[in-house]
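Take a look at the structure below.
Every number in this text was worked out from the coordinates using simple rules, so none of it is lab data. None of the values given here were measured: they were computed from a predicted structure. Ideal geometry is used to build each Cβ from the backbone, glycine not excepted, and the neighbour counts take in all protein chains shown.
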Amino acid sequence: MYGLGEVCPGVEVEPGTNLLVAGPPMTGKRTLALKILAHGSRRGDGTIVVTTKDGGEDVREDLRELLGRDEGGPLGIVDCVSKQQGMNPSQSDDIAYASSPKDMTGIGIQLSEFLEAFYKDRGVQRNRILLHSLSTLLMYSNLQTVFRFLHVFTGRVQSADALGIFVIDSTAHDQQTMSTLKQLFDGQIEIREGDGQPELRLKGVGGGTDWRPMPEF
């Protein structure tokens, strides 16, 4: 089982679960998702982040900040941003590069390579995988292409007995797009603007929760 830590205290989900984190902009979705990863990393889980919005080094620093002095499990980042911005970064042990958010084949290959390296070389059998953000993928490709890609991606999470976290800006897409994508996920962490601070609830897994204030990170 995978615990969600302070995001949803006491809640655990089955291996192979895929969760959609959906909410408006500026409500802390990315930090919430990274918190779920950091919670597992402290326990030795592998962490893989596919980032389509921030450079890989920024993501690595943010995770280190969340971990503080705690030792973490292995980390792999698939950076879909830096090459597209014209940089020529050199591959490192924990950051691999896709040419752009449209390069879904490249993203899939890098994800598989990190999973294989963690499992075979390091004996890590528990992994948490984040894709931030689906909204960026939908800016570069149509819904049908993104749906097919995510169908394969969520299937990989399932077959690896991992935990998949996928972030989307719910206000950037129409209801049909959201309904289509939601079919791929076992549950959702929904976020909304609250009175003074955002609120969240868990749907579809872990028994679900009622709306409550989001923890302050």
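Using only side-chain charges placed at the Cβ, +1 for Lys and Arg and -1 for Asp and Glu, the dipole size of region 13-210 relative to its Cα centre rounds to 300 debye. Considering only Val152, Phe114, Asn127, the residue lying farthest towards the positive end of the dipole of region 71-195 is Val152, judged by Cα position with unit charges set on Cβ.
Restricting to the chain, what percent of DSSP beta bridges are antiparallel, rounded to 5?
Beta bridges within the chain, antiparallel portion: roughly 25 percent.
Adding -39500 (n - 2.57) for every DSSP H run of four residues or longer, then dividing by how many residues the chain holds, sets the calculated 222 nm ellipticity at -10000 deg cm²/dmol. For the chain, the number of Lys pairs separated by eight or more positions or lying on different chains, with C-alpha atoms closer than 19 Å, is 9. Per-residue packing, averaged as other Cβ atoms within 10 Å, sorts the ranges 122-133, 90-101, 37-48, 140-151 into the order 37-48, 122-133, 90-101, 140-151, beginning with the highest.
Separation of region 32-61 and region 136-185, taken as the distance between their Cα centroids, equals 18 angstrom.
Relative contact order for region 58-198: 18 percent, from Cα pairs under 8 Å spaced at least 6 residues apart, divided by residue count. Across region 135-145, rounded Karplus estimates of 3J(HN,Hα) from the backbone phi angles (6.51 cos²θ - 1.76 cosθ + 1.60, θ = phi - 60°) give 4, 5, 4, 6, 6, 9, 9, 7, 4, 4, 5 Hz, Gly and Pro being marked x.
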